[in-house]
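For reference, the structure discussed in these notes is given below.
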Amino acid sequence: MKPKKGWVRFVPTVCATVIAMMLTVNLGSQAAQAAEAAPNPLGVEARAAVLIDADSGQVLYALDADTAYPPASMTKLMTEYLVLEEITAGRLKLTDMVTTSKEAADIPPDGSAIYLAEGDKHTVKDLYMAMAVQSANDATIALAGHIGGTEQGFVDKMNETAKALGLKSAHFTSATGLAETTVISANDLAKFAAILIKKHPEFLEFSSTPSYRFRERDETEMINLNWMLESNKNVPSFKQYAYPGVDGMKTGYIGAAGYCFTGTAKRGDMRLISVVMNTKSKGARFIQTAKLFNYGFDNFEKKTIVAPKSVVETAKTVKIKKGVSKEVPIMTASDVTFLVKKGATPTVELKNVSVKSEDELVAPIASGQEVGTATYVYKDPDTGQSIEKSVKLITSEEVKKGSWWRLMFRSLGGFISGLFKGIVDLF
């Protein structure tokens, strides 16, 4: 008996579906095995994590750090950066009053908020503190709208800035991070955090504030969501998380992102930045961050490879015009320092020396005048990452302008020397 036509069509369809399901399960299993096999000697319990040296950007530890994931309220670091950019550019002041828009007032109160009503007026500083301390979404939207016209207008600025700063994995769809479609990798987030505190060190004054009263009538103060702040060492509910040297930066949580934290800590002359994404609880994000900080501070140290005022062998002098001397000795303006494993002897190479031409250096030449740069490279033996550092080259002494008499005879001597060489070349 021949099978019915419907059955003939049904069998291939079922087979194809089963095969597809088997492939999906197999690929999922392979992906899970690959994730489990990712190097994680510290046993960091997070979907992604990274630890970097804030000064150089050198990666000290990484776990799935290049994959873009939702950062939740860590997104606000970009919002905070852009507000400070506006202040630096003179287009905004901390004392400016911001009127709460309907867009800001309508933010659902189920997240972090300070319950702004449409038309409320508050200073930029107060709203910034609410964003930095309490991670208030309504305060964030109020500032974003004030700068960008609307939240979407501000988001456009966020993406433009991310592109300009080379944050290739970043894609912002909100100023707050409430949107699951906002994504960025742990590496790019740490890189951006370093840019933020280098360009705007005043940010740490906001992020390290343990508490802040937003309104005079408020019965209680906002409490900083960063439980790791060193200032919490005597606070009973937070002291188990408080970590020496922590003065920032930003927590985050939405369902798709889990509990996240971008942190920074400084000890002596070493500042570290860490990111953990998708940990299992509020406290876990700080415990996992402490693992990273302990690893960094316990195992690495800064080592000076080139001392300040050192002579670079391949460029001991530069030629100058119209001086008492024809050349002037040069030296490094500052030291060249790399972060290396404690007790290790790093191998560093001089990659490039660039100095100004004689035509660009005309006497008088001051002592300490910048005349070029020298670039050194250190290759981390553990990660294979190459770290470059450039140092300015400066003159080590003053060179006064030569008298017209000296310059005339020097020119005459050059002419005679050239003439003599020309005659010799004839024979």
ask   = Each residue of region 310-318 in order: what ³J(HN,Hα) in whole Hz does its phi give by Karplus 6.51 cos²θ - 1.76 cosθ + 1.60, θ = phi - 60°, with x for Gly and Pro?
value = 8, 8, 7, 4, 7, 8, 7, 9, 10
key: Whole-Å distance, taken between Cα centres, linking region 40-63 and region 76-138   = 31 Å
request  = Any chance you could look up the accessible area of Asp66 with a 1.4 Å probe, heavy atoms only, rounded to 10 Å²?
outcome  = 120 Å²
request  = Using amide H atoms built 1.01 Å from N in the peptide plane, name the residues 5+ places from Ser310, or on other chains, whose amide H lies under 5 Å from its own.
outcome  = Thr332
note = Interchain or sequence-distant (5+) residues whose placed amide H lies within less than 5 Å of the amide H of Met222 are Tyr212, Arg213, Phe214
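Just to verify a number: FRET efficiency for Lys239 and Lys316, C-beta to C-beta distance, R0 = 51 Å, to 0.05?
Efficiency, rounded to the nearest 0.05: 0.35.
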task = Return one whole number: the accessible area per residue of region 98-202 in Å², for a 1.4 Å probe.
result = 40 Å²
remark   = So the carbon and sulfur contribution to the accessible area of region 198-336, 1.4 Å probe, in percent, is 48 percent
task = Excluding Asp96 itself, calculate the net charge of residues whose Cβ lies under 15 Å from the Cβ of Asp96, where each Lys or Arg counts +1 and each Asp or Glu counts -1.
result = 0
request  = Starting at the first residue of region 185-202, write each ³J(HN,Hα) from the Karplus equation 6.51 cos²θ - 1.76 cosθ + 1.60 with θ = phi - 60°, in whole Hz, x for Gly and Pro.
outcome  = 7, 4, 4, 5, 5, 5, 4, 5, 4, 5, 4, 4, 7, 6, 7, 9, x, 5
task = Evaluate the relative contact order of region 114-236 (contact order divided by residue number), counting alpha-carbon pairs under 8 angstrom at least 6 apart; express in whole percent.
result = 24 percent
remark   = Any residue on another chain or 5+ positions along whose placed amide H is under 5 Å from the amide H of Lys321 is listed here as Leu361, Val362, Ala363
note = From highest to lowest solvent-accessible area (probe 1.4 Å; ligands, DNA and RNA excluded), Thr304, Thr314, Thr264, Thr161 read Thr314, Thr304, Thr161, Thr264
ask   = What are the ³J(HN,Hα) values, in whole Hz, obtained from phi via the Karplus relation 6.51 cos²θ - 1.76 cosθ + 1.60 with θ = phi - 60°, for each residue of region 130-146 in sequence order, with x given for Gly and Pro?
value = 5, 6, 6, 8, 9, 6, 5, 5, 5, 5, 5, 5, 4, 5, 4, x, 5
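The values are calculated or read from the model by the stated rules, or taken from the named source; none is laboratory data. None of the values given here were measured: they were computed from a predicted structure. Cβ sites come from the backbone with ideal geometry, for glycine too, and all protein chains shown count toward neighbours. We work out accessible area using only protein heavy atoms, side chains counted, and drop any ligands, DNA or RNA first. Shrake-Rupley method; radii C 1.70, N 1.55, O 1.52, S 1.80 Å.
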